[in-house]
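Chemist: Before we start, here is the structure in question, set down as structure tokens.
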Amino acid sequence: MTASLLQRILQERAAMGAAEQRVAAYVSTNPGQVIHMSMARLSQECSVSDPTIMRFCRRFGFEGYQDFKLNLAQSLVPSAPFAYEQIVPGE
């Protein structure tokens, strides 16, 4: 099983520069807010530049900030196992 985006952020945090560590700390503690933020707002909250946010996103293999937010939102949705059963008459 692959690690979720939040797990990857926490795992790689120590290898990041100071500015990216601020982004990692904010994203990992406020993921539900980040998915609704603009890049400018996130950079303001973290006291970093927009290019730092882009570098942070690319570190994890994303094309840009929107791609990062989409994956972050998907990682927040719990995955539930689904069991498919045949529907029989009378149900």
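The values are calculated or read from the model by the stated rules, or taken from the named source; none is laboratory data. The model shown is predicted, which means the values in this text are computed figures rather than measured ones. Every residue, glycine among them, receives a Cβ derived from its backbone with ideal geometry; neighbour counts consider all protein chains shown. For the accessible areas, the whole protein counts, side chains as well, though only heavy atoms, and no ligand, DNA or RNA atoms are used. Shrake-Rupley method; radii C 1.70, N 1.55, O 1.52, S 1.80 Å.
Chemist: Quick check on ASN71: is it touching a residue at least 60 places away in the same chain (Cβ under 8 Å) and surrounded by 13 or more Cβ atoms within 10 Å (Cβ to Cβ)? Show your work before the answer.
Modeler: Working: touching a residue at least 60 places away in the same chain (Cβ under 8 Å): yes; surrounded by 13 or more Cβ atoms within 10 Å (Cβ to Cβ): yes.
Criteria met by ASN71.
Chemist: What's the total number of residues in region 1-29 that are at pLDDT 95 or above and not in a helix (DSSP H, G or I)?
Modeler: 2
Chemist: Which of the residues that make up region 7-37 are open to solvent by 40 Å² or more (accessible area, probe 1.4 Å) and of a type in the set (A, V, I, L, M)?
Modeler: Correct list: LEU10, ALA14, ALA15, ALA18, ILE35.
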